[in-house]
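S.K.: This is the structure, below, for whatever I ask next.
The values are calculated or read from the model by the stated rules, or taken from the named source; none is laboratory data. The model shown is predicted, which means the values in this text are computed figures rather than measured ones. Methodologically, a virtual Cβ is constructed for each residue, glycine included, from the backbone with ideal geometry; neighbour enumeration extends over all protein chains shown.
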Amino acid sequence: MIGSRTYLLVGFLFFSVEYYSQDIHFSQFENAPLAINPGNAGMGKGYNRANLVYRSQYPSLGNVFSTQYASLDFPILNEAMRHKNGLLGVGISFFNDQAGDSKMGTLHAALTLSGIVTLNRQQRLSMGLQCGYMQKSFDVSNITWDNQFNGYQYDPTLPSGEMNFMEKTGFFDMSAGVAYKYFSTETNLYNIERTSFDGGIAFFHLTRGKQEFFQGQQDRLYGRLVVHATSLFTLENRPFGFRPSVLYQRQGTLSEAIVGGGINYYIKADTKYTGFVKQAYIGLDLRYRVNDSFITGIRFKFNDFEIRLSYDYTTSDLSSRINGVGGFEIGFRFTDTYGTLFNQGNKHVINSHGGNLSL
């Protein structure tokens, strides 16, 4: 009989093929701003924003999913456009994903451009366009075929009988989105903004790129719809803030919904005008990915850096097979709130509270 490892390999391949119609996804979706909405380019707090995320999912099955994401975005041409109540945003992003023993992977690199309109001192609206290149691949040498069963056991030296494989396929990719941002001009007794909100809607893979792993057989990538929102509410006389959030994605017949929120305990706040003292807090998160998992997380913010750790506890039917083990993520964010990185000064400060708003 064929060994258990052979069945596991075949299972990995089948599971990976099913997954292939889906894009990457993160529990820390705010840490992947350009992967959920091109309109987010240049809409961070302050000047420059950089994000890194690493996700490992289902490690008890042999590290089936491993995903890395990186992005950088910032506003430009603020001086030239400041009297027109607008500016431009630019972003570059990259992600790499691998799944299973067949190492089925997705590699994506993109450039994003957004137009940002200042509605008033508290609101901004942006529209972004993202253009990139997507490559999908897998390693045929790690796949087990039924033709390699010799009647007694699996024999890797036997020919698979499979031909005309293309181990890589790539295509041009284009996406678009609209993002909205609101920030209060008021702060509480601890100099923390009272309220803020950002959200939007985006459509990915407008060009529906053609995937071709067998010569002459093409499969178009499904488009992906994303709706997202995150807000912050702080107490007037306590150093606490609440951060509810929601994400909904749909791609083909598959969908994902994440609801929940977090709480921040502020150790110190930004100095409102000088920026010599920078915000620091500790945050706890609890979210639910509908019909799939609970997501717990902890965040540490100090100066311009935020470190975030999260863990998915699986509650779906798969839980009994993996003992609830889901996905682990670690995220890093650098937010250049006051433009110190490139000595940008106060050219276009777009912080959350109005005291720093000079557009």
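S.K.: Looking at segment 298-325, which of the residues that are modelled with pLDDT of 75 or more, more than 27 Å from Ala50 (Cβ to Cβ) and not aromatic (Phe, Trp, Tyr) is surrounded by the most Cβ atoms within 10 Å (Cβ to Cβ)?
M.R.: Here is the first cut: in segment 298-325, the residues modelled with pLDDT of 75 or more are 298-316.
Still in the list and also more than 27 Å from Ala50 (Cβ to Cβ): 313-316.
Checking the rest, the ones that are also not aromatic (Phe, Trp, Tyr) come to 314-316.
Working: Thr314: 21, Thr315: 16, Ser316: 13.
Looking at the filtered set, the residue picked out is Thr314.
S.K.: Here's another thing I want to ask about it. Sort out for me the helices (runs of 4 or more DSSP H) sitting completely within segment 1-86 that have 2 or more residues that are modelled with pLDDT of 50 or more and farther than 26 Å from His108 by Cα. Spell out how you get there, then give the answer.
M.R.: Details: elements: 4-19, 33-36, 78-81.
By residue number, 78-81.
S.K.: Output the number of residues of segment 123-169 satisfying the condition of being crowded, with 17+ Cβ neighbours inside 10 Å, among the hydrophobic types (A, V, I, L, M, F, W, C), in contact with a strand residue (DSSP E or B) (Cβ under 6 Å, 6 or more places away or on another chain) and at pLDDT below 90.
M.R.: 1
S.K.: Just to confirm my filter: which strands (runs of 3 or more DSSP E) fall fully inside segment 215-256 and include at least 1 residues that are within 19 Å of Asp270 (Cβ to Cβ)?
M.R.: By residue number, 224-234, 240-251.
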